[in-house]
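Enquirer: Would you mind keeping the following structure in view while I ask a few things?
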């Protein structure tokens, strides 16, 4: 049973370019979240997708957009790249909960895509 | 104010000894969950342990235990019998019920780099 997979592993782009990162969730999971982890920092929540809709968004500009496909896989797109977009981009998958429960709902992270903007 | 504070940028421990990694959190939500993740140099976030705000007992998972002090808003990770493979970044994270409807938006601390010496 494959866990969360992400592609590509590494990516080098120049300022102003656009990039697309891909994520396949763990089998059985229907919700995908994206995080940005700058060097020396903890991950920061970008957005979350469920049923092909963006459900929640963190404090990121509109240059960051996403998509979820019927097979639950997801893409993260970043337009007009800035040097500050250089980071490890992590995808995480889980099962959607209709309400919040204090019990643990497993969330698994992928290995990440390391983006370097020159 | 920071929602998750990890005050130890780096920690050193001798192999086979126990180590405590500190985490304090800030929330006004009575329903929340606290997580610890391990991030080796490869980048993947590995789930270690979870504590729900209503859990009466401290969580334990093998060599990992969580010292949960609700009144003090602290959730320290204790690793017993440290191994060389425990050398990694460790992140404390929280999810809150009132996080805008997203049921799995995690807020991370800045992490603690643990080095286990032989």
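Every number here is computed from the coordinates shown, using simple stated rules; none is lab data. The model shown is predicted, which means the values in this text are computed figures rather than measured ones. Please note: Cβ atoms are built from the backbone with ideal geometry, for glycine as well, and neighbour counts cover all protein chains shown.
Enquirer: Could you tell me what a quarter of the Cα convex hull surface of chain A works out to, in nm² with one decimal place?
Expert: Numbers: hull surface 29.8 nm².
Projected over every direction and averaged, the Cα hull of chain A covers 7.5 nm².
Enquirer: Among DSSP bridges having both ends in chain B, what percentage is antiparallel? Round to the nearest 5. The partial results should precede the final answer.
Expert: On the way: 33 of 38 bridges.
Rounded to the nearest five, the antiparallel share is 85 percent.
Enquirer: A further question on this structure: Among B:94, B:45, which comes first, second and so on when ranked by fewest other beta-carbon atoms within 10 Å?
Expert: Placing the least packed residue first, the sequence is B:94, B:45.
Enquirer: Which of B:107, B:5 comes first, and how do the rest follow, when ranked by fewest Cβ neighbours within 10 Å?
Expert: B:5, B:107
Enquirer: If you don't mind, another one. Which order results if B:114, B:66 are arranged by neighbouring Cβ count within 10 Å, fewest first? Kindly include the intermediate steps, with their values, before the conclusion.
Expert: Numbers: B:114 21, B:66 24.
Ordered by Cβ neighbours within 10 Å, fewest first: B:114, B:66.
Enquirer: For the residue pair residue B:78 and residue A:30, what label-to-label distance in nm results when each label sits 7 Å from Cα along the Cα-to-beta-carbon direction?
Expert: Taking the two extended label points, one gets 4.0 nm.
Enquirer: Let me ask something else. Compute the distance in nm between two label points, each set 7 Å from the Cα along the Cα-to-Cβ direction, one at residue A:63 and one at residue A:95.
Expert: In this crude spin-label approximation the distance works out to 3.8 nm.
Enquirer: What's the average, rounded to a whole number, of partner chain beta-carbon atoms within 10 Å of each residue's beta-carbon in A:44-50? Before the final figure, lay out each step's value.
Expert: Numbers: counts 3, 8, 0, 2, 6, 0, 3.
The mean count of partner-chain Cβ atoms within 10 Å per residue comes to 3.
Enquirer: Same structure, new question: Relative contact order for segment B:1-72: what percent, with Cα pairs under 8 Å and sequence separation of 6 or more?
Expert: Values: 80 pairs, mean separation 15.1, N = 72.
So the answer I get is 21 percent.
Enquirer: Here's something else I'd like to know. Would you mind giving the mean number of other chain beta-carbons within 10 Å of the Cβ of each residue in B:42-54, as a whole number? Mind dumping the intermediate values first?
Expert: Numbers: counts 2, 11, 10, 14, 2, 6, 0, 1, 6, 2, 4, 1, 3.
Per residue, the average neighbour count from other chains is 5.
Enquirer: If you count, for every residue in B:85-91, the Cβ atoms of partner chains within 10 Å of its Cβ, what is the mean? Before the final figure, lay out each step's value.
Expert: Working: counts 0, 0, 0, 0, 2, 0, 4.
Average neighbour count from other chains, rounded to a whole number: 1.
Enquirer: Another question, then. Determine, at each q value in 0.23 (inverse angstroms), the log₁₀ of I(q)/I(0) that the Debye formula gives when each Cα of chain B is one equal point scatterer.
Expert: Log10 I(q)/I(0), no solvent term: -1.37.
Enquirer: May I pose another question? Once all Cα-Cα distances of the protein assembly as shown are split into 10 Å bins that start at 0, what whole-number percent is in each one?
Expert: So the P(r) values, bin by bin, are 8, 32, 36, 20, 4, 0.
Enquirer: Along each of the three principal axes of the Cα atoms of segment A:1-59, give the extent in whole Å, ordering the values from largest to smallest.
Expert: Over segment A:1-59, Cα extents along the principal axes are 36, 27, 24 Å.
Enquirer: Next up: Between residue B:15 and residue B:57, what FRET efficiency comes out of the Förster formula 1/(1 + (r/R0)^6) with R0 = 41 Å and r the beta carbon distance, rounded to 0.05? Working shown, then result.
Expert: Working: r = 29 Å, r/R0 = 0.70.
Taking R0 as 41 Å, the efficiency between residue B:57 and residue B:15 is 0.90.
Enquirer: Once both labels are modelled 7 Å past Cα along the beta-carbon direction, what's the residue A:5-residue A:54 spacing in nm?
Expert: 2.7
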